[in-house]
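Below is one structure, written out as structure tokens; the observations come after it.
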Amino acid sequence: MGSDHYFTATPASPENLRTIRVTLSGRDVEVVTAGGVFSPDHVDTGTSVLLSNTPLPPQGGNLLDIGCGWGPIALSMALESPHTTVWAVDVNERALDLTRRNADALGLTNVNAVTPEDVPDDIAFRAIRSNPPIRVGKDQLHGLLETWIPRLDERSDAHLVVSRNLGSDSLQRWLASTFDRGFSVHRVATGRGFRVIKVRRLGPPA
């Protein structure tokens, strides 16, 4: 990848399209990936831990995948909740193109793969799921989460997966101190060196 990172907006590295076979939501499917995106050869361990330790997403409303890459989280939510709108957000244009291709190939019409600024400001999310880009740096990561977590709908959850070796426990403490009013923050799963953190937006009883 040279100087490219998976959070580079327009990767300069060769695309090197490839087709891989993966399991998403219990289905064996073929997807297209490429160089210059995160984990192009398989569903990475953190994402696998996240997908294995979250409940089925809501069956209506808007769902969000922050940092979608080639789409494993967004595609899984779209397969599980076909009547929702899944917003797959990334700054990497190559990743967005791959997510769109993969959604089309799977017949998923409920995936919008867009840059952050293309998500309408008035949308609230019934669920957020993310393997966030830890390597962008602490300040950028915090800014990213401060942008999206407040857009959770009432009584809705964000699930984040973070490696223990890359600061999952300190991130959980930061989340708890930053979102200390109207939210709850808990670790809900641990596996293969990763933590799954749930941030819930509280609200009046249903």
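Just a few scattered comments:
- Those residues of the range 39-59 which are over 13 Å from Val188 (Cβ atoms), of a type outside the set (Val, Ile, Thr) and within 14 Å of the chain's Cα centre (by Cα), in sequence order: Ser39, Asp44, Gly46, Ser48, Leu51, Pro57
Quick grid of which residues meet (1) on the phi < 0 side of the Ramachandran plot; (2) charged (D, E, K, R); (3) in contact (Cβ under 8 Å) with a residue 60 or more places away in the chain:
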| position | (1), (2), (3) |
| --- | --- |
| Leu144 | yes, no, yes |
| Pro150 | yes, no, no |
| Ser163 | yes, no, yes |
| Ser168 | yes, no, no |
| Leu171 | yes, no, no |
| Ser177 | yes, no, no |
| Asp180 | yes, yes, no |
| Ser184 | yes, no, no |
| Thr190 | yes, no, no |
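- Qualifying residue in the range 118-134 (condition: in contact (Cβ under 8 Å) with a residue 40 or more places away in the chain, basic (Lys, Arg) and in contact with a His (Cβ under 7 Å, 6 or more places away or on another chain)): yes
- Count of residues meeting criterion [among the polar types (S, T, N, Q) and surrounded by fewer than 24 Cβ atoms within 10 Å (Cβ to Cβ)] in the range 65-98: 3
- Among the residues listed as Phe183, Phe194, the single one being among the aromatic types (Phe, Trp, Tyr) and farther than 19 Å from Ile73 by Cβ: Phe183
- Enumeration of residues in the range 124-143 that are open to solvent by 30 Å² or more (accessible area, probe 1.4 Å), of a type in the set (A, V, I, L, M, F, W, C) and modelled with pLDDT of 95 or more: Ala124
- Of the candidates Arg164, Arg192, Arg200, the single residue that is under 17 Å from the mean Cα position of the chain (by Cα), basic (Lys, Arg), open to solvent by 60 Å² or more (accessible area, probe 1.4 Å) and modelled with pLDDT of 95 or more is Arg200.
- Taken over the range 108-118, the criterion of being surrounded by 13 or more Cβ atoms within 10 Å (Cβ to Cβ) and closer than 12 Å to Leu96 by Cβ is satisfied by Val111, Asn112, Ala113, Val114, Thr115, Pro116.
- Residue satisfying condition, being touching a helix residue (DSSP H, G or I) at 6+ places or on another chain (Cβ under 8 Å), modelled with pLDDT of 95 or more and open to solvent by 50 Å² or more (accessible area, probe 1.4 Å), within set Glu146, Glu154: Glu146
- Test: residue in the range 57-73 that is free of Cβ contacts under 8 Å to residues at least 40 places away in the same chain, assigned to a helix (DSSP H, G or I) and within 24 Å of Asp157 (Cβ to Cβ): no
- Residue in the range 91-113 that is more than 22 Å from Thr33 (Cα to Cα) and without any contact (Cβ under 8 Å) to a residue 12 or more places away in the chain present: no
- Val37 meets the conditions (1) in contact with a Gly (Cβ under 6 Å, 6 or more places away or on another chain); (2) open to solvent by 10 Å² or more (accessible area, probe 1.4 Å) in every case but one. The failed one is (2).
The values are calculated or read from the model by the stated rules, or taken from the named source; none is laboratory data. Bear in mind the structure is a predicted one, so any value in this text is a computation, not a measurement. Methodologically, a virtual Cβ is constructed for each residue, glycine included, from the backbone with ideal geometry; neighbour enumeration extends over all protein chains shown. Each accessible area value is taken on the protein alone, full model and side chains, heavy atoms only, with ligands, DNA and RNA left out. Shrake-Rupley method; radii C 1.70, N 1.55, O 1.52, S 1.80 Å.
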